[in-house]
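Contents: one structure, followed by commentary.
The values are calculated or read from the model by the stated rules, or taken from the named source; none is laboratory data. Because the structure is a prediction, the values reported are computed rather than measured. Glycine gets a Cβ as well: all are built from the backbone with ideal geometry, and neighbour counts include every protein chain shown. With ligands, DNA and RNA removed, areas are computed over all heavy atoms of the protein, side chains included. Shrake-Rupley method; radii C 1.70, N 1.55, O 1.52, S 1.80 Å.
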Amino acid sequence: MKKVALVILAAGNSSRMENDIKQLLPWNKTTLLEHTIKEALSSEADAVFVVLGANYEKINSKLNEENYSIINNRNWSIGLGSSIAFAVNHINKTIEKCEVVLIVLADQPFLGMEHYNSLIEAYKKSSEKLAATEYGTKKGVPAIFGKKYFDKLTNLEEDFGAKHILATVNASVIKGNTTDVDTIEVYNDLFRNLKL
């Protein structure tokens, strides 16, 4: 199999988290972002990239960048699509023979190494060279894309990411706990219930 680059999208400004920076919230003896990085590094991916943007200096200062790369999307405010495009462009320029990109979010702590590996396995068997996560009747990230989608990914701009690509292709689908930490209320409920 060709090289797999795993991209963690963590460039948002946590607008619904009151005064907290979501990526730095405590989670499982570390932070939400570091938890996702750890899971990514434990997966079968060949390289891991973290896309930062809002609060870059504060978040970057908390990371050690050991065995992964941090890239700064200065156009993060355009939306999720811009971070995907930025990451894929960066990967195209820096990793030789990378033909697969696995895109994950930093705020889905229940989707980790096992889910990422399941997507990689599904990709290997997919004639469309694409596998995604099930959201009821829809498909979303984490999702893994073959090289033939790179041009479309590098041209994304809006805030709905790669949804339209996933909607138009018969991708393999993997189930998982897609709970995302999108508000401080959700985080507090999860934190209390899990006693992290």
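Side notes on the structure shown:
- Given their separation in residues at 0.36 nm each and the Cα-Cα distance between them, E185 and E114 gain 22.9 nm when the chain is fully extended.
- Ligands, DNA and RNA are left out, and with a 1.4 angstrom probe the accessible area of the range 80-174 is 47 Å² per residue.
- Note on the chain: with charges restricted to the Cβ of Lys and Arg (+1) and Asp and Glu (-1), its dipole about the Cα centre is near 440 debye.
- A crude spin-label estimate for the pair L194 and S61, with each label 7 Å from Cα along the Cβ direction, gives 2.6 nm.
- Viscosity 0.890 mPa s, 25 °C: Kirkwood-radius Stokes-Einstein D of the range 109-196 over Cα pairs, µm²/s: 172
- Along each principal axis, Cα extent of the range 10-98, largest first, Å: 42, 31, 19
- Residues whose amide H falls under 5 Å from that of V50, counting only those 5 or more places apart or on a different chain, are I8, S69, I70, I71, with hydrogens built in the peptide plane.
- Residue by residue, the range 30-40 carries 3J(HN,Hα) couplings of 8, 10, 4, 5, 5, 4, 5, 4, 4, 5, 5 Hz when phi is fed to the Karplus relation 6.51 cos²θ - 1.76 cosθ + 1.60 (θ = phi - 60°); x denotes Gly or Pro.
- Rounded to the nearest Hz, the phi-derived 3J(HN,Hα) couplings of the range 47-62 under the Karplus curve 6.51 cos²θ - 1.76 cosθ + 1.60 (θ = phi - 60°) are 8, 10, 10, 10, 9, 9, x, 4, 6, 3, 4, 5, 6, 4, 5, 8, where x marks glycine and proline.
- Working ranking of peptides 188-194, 126-132 by packing, defined as the average number of other Cβ atoms within 10 Å per residue, highest first, is 126-132, 188-194.
- With helices as the sole contributors, the chain gives -9500 deg cm²/dmol at 222 nm; each DSSP H run of n ≥ 4 counts as -39500 (n - 2.57), and the sum is divided by every residue.
- q = 0.11, 0.22, 0.23 Å⁻¹: log10 I(q)/I(0) that the Debye formula gives for the range 41-156, counting C-alpha atoms only: -0.36, -1.53, -1.63
- 17 Å Cα-Cα reach of K93 towards aspartates and glutamates, excluding residues that sit fewer than 8 places from it in its own chain: D46, D151
- Qualifying GluC sites (Glu not before Pro) for the range 10-40 [loop in DSSP, other Cβ within 10 Å: at most 15]: E18
- Pairs exceeding 26 Å between alpha-carbon atoms, taken from K58/K124; K3/K152; K3/K148; K3/K163: K58/K124.
- With R₀ fixed at 35 Å, the C-beta to C-beta distance from D46 to E18 puts the FRET efficiency at about 0.40.
- With every protein chain in place, the range 130-175: carbon and sulfur % of accessible area (1.4 Å): 49
- The mean sequence separation of alpha-carbon pairs under 8 Å and at least six residues apart, normalised by the residue count of the chain, gives a relative contact order of 26 percent.
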